[in-house]
1. Can you tell me the length gained on complete extension of the stretch residue 170 to residue 62, counting 0.36 nm per residue apart and subtracting the Cα distance?
2. For the range 137-194, what value does the Rg/Rh ratio take when both radii are computed over Cα atoms and Rh is the Kirkwood radius, given to two decimals?
3. Taking 0.36 nm per residue of separation and subtracting the Cα-Cα distance, what length does fully extending residue 141 through residue 163 add?
């Protein structure tokens with residue numbers, strides 16, 4: 001169970017691109033910031049992801065992890081940058097004050113686990129717990145509140161937040177029309193957390 005009071009979270013991502021994983025991390029940061037949690041980020045490289053996070057006023061540290069260490073051509077030396085990166089990440093964790101660590105993706109999780117052990121911090125944050133922290137209220141209550149505010153049925157909101165609903169031709173347009181609603185943005189963030197491949 002995550003604490004209900006304001007907390008410090010460090011988001012770690014090896015890649016600096018603003019691809020699917022990067023956009024997910026930005027959504028997650030936005031949801032946590034809306035919850036008034038302190039959010040910092042450590043990235044393996046400079047790039048569009050760092051630019052966007054800084055624009056959101058998220059402090060970013062880059063530990064310069066070579067791309068081939070986590071996603072490029074396999075070589076027998078591909079483990080060596082991780083040996084350097086883990087202590088760097090551990091140092092960043094200590095400087096932030098031993099926050100909760102969320103590592104985004106398999107490669108990040110591997111390095112994050114080693115770094116967290118070195119720094120003595122909690123890792124492996126449960127995605128469901130993050131969603132609860134972002135929402136501030138039960139999912140069904142949140143859907144009903146959004147539906148009431150825009151004059152639709154809760155089932156309409158619920159459909160938008162399912163994998164089947166995301167396949168509807170009108171999904172993107174309907175979501176765009178609801179992005180002004182803060183609670184809907186939080187629910188959408190939780191949906192993307194639970195369904196990172198959408």
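Derivation of every value follows stated rules applied to the coordinates shown; laboratory data play no part. It should be emphasised that the depicted structure is a prediction, and the values quoted were computed from it without experimental measurement.
1. Length gained, residue 170 through residue 62: 35.0 nm.
2. 0.91
3. 5.9 nm
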